[in-house]
Structures are given as C-alpha cells and as structure tokens.
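These notes concern the structure reproduced below.
The values are calculated or read from the model by the stated rules, or taken from the named source; none is laboratory data. Not measured: the values here are computed from a predicted model. Cβ sites come from the backbone with ideal geometry, for glycine too, and all protein chains shown count toward neighbours.
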Amino acid sequence: TGNFVENFTAEDYEFTVWYNYAYDDSWQWGSFMDIHHTEIVDDYTVKVYFDDESMWFVYSPTYPLLGPKELLIDKLCEVHSASFTGADLVEVASGYFEYQFTSDQVVQVINATVNDTPITEGVDFYIRAGYDTFCHNVFVNLTAFDPTDVITIYYYTAIPGGADGTYLGGNLGLDWPDTMYAYGMYYPISVGADSCALKKNPYFFLETPLLGEVDWRWYWDTPGGTPGPQIPGRDSGYYKIDILDVLKCTGAYCTRGDGVYDPIYMPGADLDRNDLCHIGMLDLVTITGKYAFTFGRPPA
C-alpha cells in the first residue's frame, strides 16, 4: 500500500533470526546456523552471539527480514508452553546450568515464571541454540534456581509447514500481501510467478541505494579499529561512505552492468533507476553527495 507501518526494531530482528532458524531445510538457513543466542538491549540494539566467527548476511537490501513481528507472529506461529523444575538443570560448567526444555524450535518467549513469579529473559535466563542441538530450545540460567522451583515458559513456535508454499504462509491460506512488508528501498505492489512490480519506499533512510553493499566499508569501534572476538572492547561499528566508494563509482563511470561480469562493477548496483545498468553522472553525484555518511545504525 505504501503506508508506513512501524520502525523495524530489535524484536522484529530477533523474530527474523529464530523463525528462519526453525527451517533448517531452507536456502537461507546457512546465514543463521552459527548463531548461539540473541540478547535484546533496547528497541534498536540487539547483541548476536555466535558459535564461530561467521559470515553474516542478515542486513542486505535483498535479504528476507521478517516484520513487523506484531502483525506476523500470530499468523505464522502458535503458542506452546512447557514446565520443568530446577532439578532438571544440568551443570555444564562452574555456575552454568542448562536444560533442553522442549522439542519445539522456540521463535520467541512470551513470558516465563518460577513458582508463578515472573522472571525476565536476558536477566534471569536466556534461550540458546548451538552446534550440539541445532535447536533453539535450551534454557540457560543467569540466576540461581532451587531444585524444587517450577519454571514455566510460554513461547511462540513456528506452525508446521507455515514457511512452505509459493509465498510465506501460503500453506496456511495466506497470500503475499498478508506476510510481505518492505523495509528497504522499494515495496511491491504486485507479485506474480515470473514478475513483480515495485515502487520506491519514501520512508527508507537513504533516498537512493548505494553502489553495491559489498563495496561499503565497515568501521569498527573496537580498540585500534580491529574486529574480532580476540580483541577486547566493544565489537560494533558502522558503515561509512568513504573515498574508496567514490573511486569505485568513478572507476565504473560510463560502464554497464548488463553484460559479461566485470570486477569493476557489481551488476544490479546502479543508482539511477531511470537508466538502469548504466553508471552515469547521477550515480556519481549521488554517492559523492553522501560522502562521509555513516549508517548501519538507526539514523538519529
């Protein structure tokens, strides 16, 4: 419709991760398989913990992020619950107890209690996946529980077969307008078996796409600007349009991307949608006009 629904939040992102993770036969599952657990810090900040140093493609203009969660989760998931006791928790390291409390894939926790008293995810416990299970359903304690404590968790799990069909939720009787929301530069107005029609998303924080996401340079906030778990400090950062991006665009000036692949140019990354595949003056002006622009976090 082109109507603004809401901002994409950490809750929507977490929903994307664990709904996709629930389908290990899907083509995009490899982008999520190394995720151990997630931690929501605030509405627009989420920490992602990996089992290994991982190639991670979750942010991409073409990647199937799911959202808004509030409009989708009740269509694609159902509510289950499980109870267990503190005695079920097994110590796997000093002070570190866990228990695989269900055979379901947990998409998101709704609420949890111990002896009918609410406990908080991220404060008292978290839910993990991992290479030992490849299931997001292991309860890990962050506070102490007595053996007689009764822990009850209500959670969303994916409806079986809900991701199958021509469109997401097709096997559940849903059509593409029921589950497809745009968060990038464009939104669909019609989708068919062999074609679709798109319109520009006026709410996207950059009014035109940049010259290929693969060309954006990630700047790290860690000490010395060096990424990686071996370097102490805050592993976060931002994308920035710098001189290399400008050189990339000027080096590709007057070339086309609809022929044989040329390493100078990434096909499909043209900026001027009125002259697709041709790198022209508008493309150069667009990228130089955004010089030193940083993004990758919600704009202030």
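Numbers for the structure displayed
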quantity	calculated
Total residues in the stretch 14-33, condition under 13 Å from the mean Cα position of the chain (by Cα), among the acidic types (Asp, Glu) and outside any helix (DSSP H, G or I)	0
Of residues in the stretch 23-43 being in contact (Cβ under 8 Å) with a residue 40 or more places away in the chain and either touching a Phe, Trp or Tyr at 6+ places or on another chain (Cβ under 8 Å) or not polar (S, T, N, Q) (or both), the one farthest from residue 12 (Cα to Cα)	24
Pairs with Cβ under 9 Å, 6+ apart, first in the stretch 78-103 and over 16 Å from residue 144 (Cβ atoms), second part of a helix (DSSP H, G or I)	101/88
Scan of the stretch 70-126 for residues that are in contact with a strand residue (DSSP E or B) (Cβ under 8 Å, 6 or more places away or on another chain), of a type outside the set (A, V, I, L, M, F, W, C), surrounded by 13 or more Cβ atoms within 10 Å (Cβ to Cβ) and closer than 21 Å to residue 40 by Cα, ordered by number	98, 105, 108, 111, 113, 121, 122, 124, 126
Filter result (in contact with a helix residue (DSSP H, G or I) (Cβ under 9 Å, 6 or more places away or on another chain), among the small types (Gly, Ala, Ser) and farther than 17 Å from residue 70 by Cβ) within the stretch 163-189	163, 165, 170
Output for the stretch 98-143, where each listed residue is over 18 Å from residue 49 (Cα atoms) and part of a strand (DSSP E or B)	99, 100, 110, 111, 112, 113, 114, 117, 118, 119
One residue from 247, 284 being modelled with pLDDT of 70 or more and surrounded by 12 or more Cβ atoms within 10 Å (Cβ to Cβ)	284
Set 262, 270: member being exposed (fewer than 15 other Cβ atoms within 10 Å of the Cβ) and either modelled with pLDDT under 60 or assigned by TED's automatic domain parsing to the domain that holds residue 13 (or both)	262
Boolean, residue 152 is in a strand (DSSP E or B) and touching a residue at least 60 places away in the same chain (Cβ under 8 Å)	yes
Residue match in the stretch 144-151 (condition: touching a Leu at 6+ places or on another chain (Cβ under 7 Å) and modelled with pLDDT under 90)	no
